[in-house]
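A quick write-up on the structure given underneath.
The values are calculated or read from the model by the stated rules, or taken from the named source; none is laboratory data. Bear in mind that the values here come from a model prediction, so they are computed numbers and not experimental data. So basically every Cβ, Gly included, is an ideal-geometry build from the backbone, and we count neighbours across all protein chains shown. Note: areas computed on protein heavy atoms with side chains; ligands, DNA, RNA excluded. Shrake-Rupley method; radii C 1.70, N 1.55, O 1.52, S 1.80 Å.
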Amino acid sequence: MASGIELVLADVDGTLVTDEKLLTDRTIAAVRSLKAAGVKFALTSGRPPRGMQMLVEPLALELPLAAFNGGLYARPDMSVIEARSIDPALVQEIVKLIGEHGLDVWLYRGSDWLLRDPHAPRVAKEADTVRFAPTVLESLEGITEDIAKIVGVGGEDLDRVARAEADARERFGAQVSAARSQPYYLDVTHPEANKGAVLHYLSRRYEVPLERIATLGDQPNDMLMFEGAGLSVAMGNAGEEVKRAATKVTESNEDEGFALAIERFVLGEG
């Protein structure tokens, strides 16, 4: 095909699905068209593996799911290929830092989503999105082992989330990866658990040169997989910083932006 793309790597929320977390018929058709054209298709997300499971069947996914922004790679049947956990010595320090910024804290360990307050902002919406309920604990103190992701959750004050991101990067440096997956979510993961690392993982695993991979996303943490990819597409709902980092810009996730990007830029259908 004209684009020369052999593999497409896409973000999920704000990119692949609508704001109601749904796949449109046109999106499903676009992924099927990729497969028919011999183009591999993979997903990466800050979601846990179970939170991506509902996408497997309608999209006939075959490649590993890069959950927790690459903190855990799972097969479509949810069996784990490999996982990268945060250094146990850092977990409680990160929890403390997030709390200092007035954010709620969620921990992800294996298939468990751990939190203290089930009535806190965004919990109900997240449970609806990932389609499983959190485990509620009186305290997160002492939990340090096998943590794949720590999330700082903001309410209406999104500047707090941005400040927490900057503070986490300054305090922990290269010991973690800290980036906003949504304006109200700060994701902290293993330093090699980021979407740029996912890009390189898939390139190595499937022996596809970076210049023959297309990436699609809408948030600042997606910019890491834009770097080095032959084609990078920012969604129309992305911020200006994300759009500037991409080689192409499509429509929003509410206006079939994913499907249009596949049709126009990858399959070359005009």
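Once the cut-off is 27 Å, how many percent of the Cα-Cα pairs in the chain end up in the long-distance tail?
33
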Helix-only CD estimate at 222 nm, as mean residue ellipticity for the chain, using -39500 (n - 2.57) per DSSP H run (n ≥ 4): -8500 deg cm²/dmol
Rg and Dmax of the stretch 1-89, Cα atoms only, in Å: 13.8, 49
For the chain, built as a Gaussian network whose Cα springs stay under 10 Å, the top-fluctuating residue of Thr129, Thr189, Thr215: Thr129
DSSP-defined antiparallel bridges as percent of all bridges, the chain, nearest 5: 60
All aspartates and glutamates inside 13 Å of Lys149 as judged from Cα atoms, apart from same-chain residues fewer than 8 positions distant: Asp87, Asp112, Asp187, Glu192
Considering only the stretch 119-270, percent of DSSP beta bridges that pair antiparallel, nearest 5: 60
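Which shape class applies to the stretch 216-270: rounded if a/c is under 1.5, otherwise prolate when a/b exceeds b/c and oblate if not, where a ≥ b ≥ c are the square roots of the Cα gyration tensor eigenvalues? Don't skip to the end; give the middle numbers.
Values: a/c = 2.31, a/b = 1.29, b/c = 1.80.
In terms of gyration-tensor shape, oblate.
On average, how much accessible surface per residue is there in the chain, in Å², for a 1.4 Å probe, leaving out ligands, DNA and RNA? Could the numbers behind the result be given before it?
Values: 11530 Å² over 270 residues.
Each residue of the chain exposes 43 Å² on average to a 1.4 Å probe.
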Lys149 long-range amide H proximity, modeled H, under 5 Å: Tyr108
Sequence of Tyr206, Tyr108 when ordered by accessible area, the most exposed leading, probe 1.4 angstrom: Tyr206, Tyr108
In degrees, nearest ten, helix 195-206 long axis to first principal axis of the chain (Cα): 50
Inter-centroid distance (Cα atoms) of the stretch 169-220 relative to the stretch 69-114, Å: 15
Derived scalar couplings ³J(HN,Hα) [the stretch 26-32; Karplus, 6.51 cos²θ - 1.76 cosθ + 1.60; whole Hz; x for Gly, Pro]: 5, 5, 4, 5, 5, 5, 5
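Name the shape class, rounded, prolate or oblate, that the alpha-carbon gyration tensor gives for the stretch 72-154, where a ≥ b ≥ c are the square roots of its eigenvalues, rounded holds for a/c under 1.5, and otherwise prolate holds if a/b is larger than b/c and oblate otherwise.
Working: a/c = 2.07, a/b = 1.18, b/c = 1.75.
Oblate, since a/c reaches 1.5 and b/c is not below a/b.
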Karplus (6.51, -1.76, 1.60) ³J(HN,Hα), θ = phi - 60°, over the stretch 145-154, in Hz, Gly and Pro reported as x: 8, 6, 8, 7, 8, 10, 10, x, 10, x
Of every Cα-Cα pair in the stretch 96-235, the percent that sits beyond 22 Å: 44
Segment Glu241-Glu141, extension gain: residue separation times 0.36 nm, minus the distance between their alpha carbons: 32.3 nm
Farthest positive-ward along the stretch 136-228 dipole, Cα basis, beta-carbon charges - from Thr215, Leu186, Ala164: Thr215
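Would you mind calculating the relative contact order of the stretch 97-210 from Cα pairs under 8 angstrom and at least 6 residues apart, reporting the percent as a whole number? Could the numbers behind the result be given before it?
Values: 166 pairs, mean separation 26.7, N = 114.
Contact order relative to length: 23 percent.
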Heavy atoms of Arg160 accessible to a 1.4 Å probe, total area in Å² rounded to 10: 90
Rounded to whole Hz, the Karplus (6.51, -1.76, 1.60) HN-Hα couplings of the stretch 126-136, x for glycine and proline: 5, 4, 5, 5, 8, 6, 7, 8, x, 9, 9
